[in-house]
Amino acid sequence: MKVGCKKTGYFFIAMKKLVLLPHIFGLLVVLGSCNNSKTKEDQTIVGGKLQILVDETLLPIMEEQVAVFEHLYKQADVELSAAQENQIVTKLVNNEVEVVVLTRQLNADEMTFFEARQFRPRVYRFAEDALTLVVNKNSADSVITVDDIVRVMQGKAPVGQVNRLVFDNPNSSTVRYLKDLAGVDSLPPTGVYALKSNSDVLKYVYETPQTIGVLGLNWVVRPDSSLQQYANGVKVLGVRNQAGKPGSDGFYKPSQSNLAEGIYPLARSVYIINAEPRKGLGMGFAAFLTGLSGQRIVLKSGLMPDSLPPRELIIRK
């Protein structure tokens, strides 16, 4: 995997984080484990019950993260639920949930709800994701430009042989991302369709030529076994950025190397937002995600980790 093209400063920052995070997390584990008599209802940083709402486009990777976390920390019981971005943010500001995973940070209006309570959520970036565009494997299309995507989102002429964009949900993060990119407030009446989930998009593109599916990268790279057939029946489009922007010199697919170099046009950061008013399991899980184990899971998933896990090479004479 090609990841060495980032600037030297990025490498040293990443290495410092990887050196310090395990020590910090280790100290938190010791402090959180002092009272072994606590039940799952009594939250510590490594034990108790925790509800997390996650952007549905990120569900596969977060299921892996939770499975490993619960395996390592037997007293932890993490309930993971997928929802659309708008629903997640609403529940967070209404104090219905305290820990969420999103592909954006909270905006100024959303932060006012917390500032009124004289509290600021803790935000940790732990991965780089990519909007992934897929077409039927038999489609003649293999590339697309950002300008073409913008035209479709603005309700203008369709792209080449593909005449519709298919999203997972009208309230999803993928829709919000491309609406912001195109500078529109609503979806056009034609050329854009929304289903119910990422798995529905994958199946629809598999069964319906002349469509472009918009997915989270993890759904294509590491699909559930029940979706493998559909993932094998689609192909990922290369994307060229708008003139003057990184990635405008060619067509790039959402690989880890292209995300690391900043040349894939439709990249987006992934955050865990912890609004717990105390030091609880949310803090421990966030430390896990940003630490060595969590970052290795991100790397394995096909997304780009926030801090590159080091590789040890043994050179023998």
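The values are calculated or read from the model by the stated rules, or taken from the named source; none is laboratory data. Quantities reported herein were computed from a predicted structural model and do not represent experimental measurements. Note that we place each Cβ from the backbone using ideal geometry, even for glycine, and neighbour counts take in every protein chain shown.
Residue by residue, here is whether (1) hydrophobic (A, V, I, L, M, F, W, C); (2) within 25 Å of LEU131 (Cβ to Cβ) holds:
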| site | (1), (2) |
| --- | --- |
| ASP77 | no, no |
| ILE88 | yes, yes |
| VAL99 | yes, yes |
| THR103 | no, yes |
| THR112 | no, no |
| ALA116 | yes, no |
| PHE119 | yes, no |
query = In the stretch 258-300, which residues are aromatic (Phe, Trp, Tyr) and within 25 Å of ASN107 (Cα to Cα)?
reply = TYR264, TYR271, PHE285
query = If only one of ALA243, ALA260 is of a type in the set (Gly, Ala, Ser), at negative phi, assigned to a helix (DSSP H, G or I) and surrounded by fewer than 22 Cβ atoms within 10 Å (Cβ to Cβ), which one is it?
reply = ALA260
task = Quick one: which residue in ASP148, ASP141 is part of a loop (DSSP other than H, G, I, E, B) and either surrounded by 16 or more Cβ atoms within 10 Å (Cβ to Cβ) or out of contact with any Phe, Trp or Tyr (no Cβ under 7 Å at 6 or more places or on another chain) (or both)?
result = ASP141
ask   = If we scan the stretch 104-121, do we find a residue that is surrounded by 14 or more Cβ atoms within 10 Å (Cβ to Cβ), more than 30 Å from LEU308 (Cα to Cα) and either touching a strand residue (DSSP E or B) at 6+ places or on another chain (Cβ under 7 Å) or basic (Lys, Arg) (or both)?
value = no
query = Among PRO223, PRO209, PRO265, which is the only one that is in a loop (DSSP other than H, G, I, E, B) and over 21 Å from the mean Cα position of the chain (by Cα)?
reply = PRO209
inquiry  = surrounded by fewer than 20 Cβ atoms within 10 Å (Cβ to Cβ), part of a helix (DSSP H, G or I) and touching a residue at least 12 places away in the same chain (Cβ under 8 Å): is that true of TYR124 in this structure?
reply    = no
note = Taking the stretch 48-76 and keeping residues out of contact with any Ser or Thr (no Cβ under 7 Å at 6 or more places or on another chain) and over 16 Å from LEU289 (Cα atoms) leaves GLY48, LYS49, LYS74, GLN75
ask   = Restricting attention to the stretch 107-124, which residues are out of contact with any helix residue (DSSP H, G or I) (no Cβ under 8 Å at 6 or more places or on another chain) and of a type in the set (D, E, K, R)?
value = ASP109, GLU115, ARG117
remark   = Subset of the stretch 272-305, residues closer than 29 Å to VAL236 by Cα and surrounded by fewer than 21 Cβ atoms within 10 Å (Cβ to Cβ), comes to SER293, ARG296, LEU299, LYS300
The stretch 263-274 residues that are free of Cβ contacts under 8 Å to residues at least 60 places away in the same chain, paired with ones that are buried (at least 20 other Cβ atoms within 10 Å of the Cβ) and of a type in the set (Gly, Ala, Ser) (beta carbon under 7 Å, 6 or more apart) = ILE263/GLY247
task = Could you check how many residues of the stretch 213-244 are within 25 Å of ILE263 (Cβ to Cβ), of a type in the set (S, T, N, Q) and modelled with pLDDT under 95?
result = 1
